[in-house]
Amino acid sequence: MTTSTYTVSGMTCGHCVNAVSGEIGALPGVTSVDVDLATGLVTVTSEQPLDAAAVRAAVDEAGYALAG
Ligand SMILES: [Cu+2]
C-alpha cells in the first residue's frame, strides 16, 4: 500500500469533492481517496505507486486541476 497527496484547485463544494473522488477512485489500484475541501488536499491510497500523469488526467476529467 502506498499513500500520496495531491493538491487540487478549483473545488468549491461537496459535488466537486465527489467528482474528484470518483475519477481518482476509478484509477487502477486505488483503494481510497480522501478529499479535504477546505485545503484542496487529496490523499490517495493505492496498491502501487500511481502514475502522476494518470492522476493529473483523472483530475482533469473531473473538471479541476492539480496545483503545483
Ligand atoms: Cu462543487
A careful count of residues in region 27-42 that are in contact with a helix residue (DSSP H, G or I) (Cβ under 7 Å, 6 or more places away or on another chain) and either in contact (Cβ under 8 Å) with a residue 24 or more places away in the chain or open to solvent by 70 Å² or more (accessible area, probe 1.4 Å) (or both) gives 4
Condition first: assigned to a helix (DSSP H, G or I) and either in contact with a strand residue (DSSP E or B) (Cβ under 8 Å, 6 or more places away or on another chain) or of a type outside the set (A, V, I, L, M) (or both). Now tell me which residues in region 48-58 satisfy that. Val55, Arg56
Which listed residue, of Ser32, Ser21, is under 12 Å from the mean Cα position of the chain (by Cα) and part of a helix (DSSP H, G or I): Ser21
Does any residue in region 6-24 that is in contact (Cβ under 8 Å) with a residue 60 or more places away in the chain and away from the ligand (no atom under 12 Å from the Cβ) come within less than 8 Å, Cβ to Cβ, of a residue that is in a helix (DSSP H, G or I) and open to solvent by less than 40 Å² (accessible area, probe 1.4 Å) six or more places away or on a different chain, and which pairs are these? Tyr6/Val55; Tyr6/Val59
(1) open to solvent by 40 Å² or more (accessible area, probe 1.4 Å); (2) in a strand (DSSP E or B); (3) touching an Asp or Glu at 6+ places or on another chain (Cβ under 9 Å); (4) not basic (Lys, Arg): which one isn't true of Thr45, the others all being true? (1)
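The values are calculated or read from the model by the stated rules, or taken from the named source; none is laboratory data. Note that the structure is predicted; figures quoted are calculated from it, not measured. No Cβ is skipped: glycine too gets one built from the backbone with ideal geometry, and neighbour counts run over all protein chains shown. Each accessible area value is taken on the protein alone, full model and side chains, heavy atoms only, with ligands, DNA and RNA left out. Shrake-Rupley method; radii C 1.70, N 1.55, O 1.52, S 1.80 Å.
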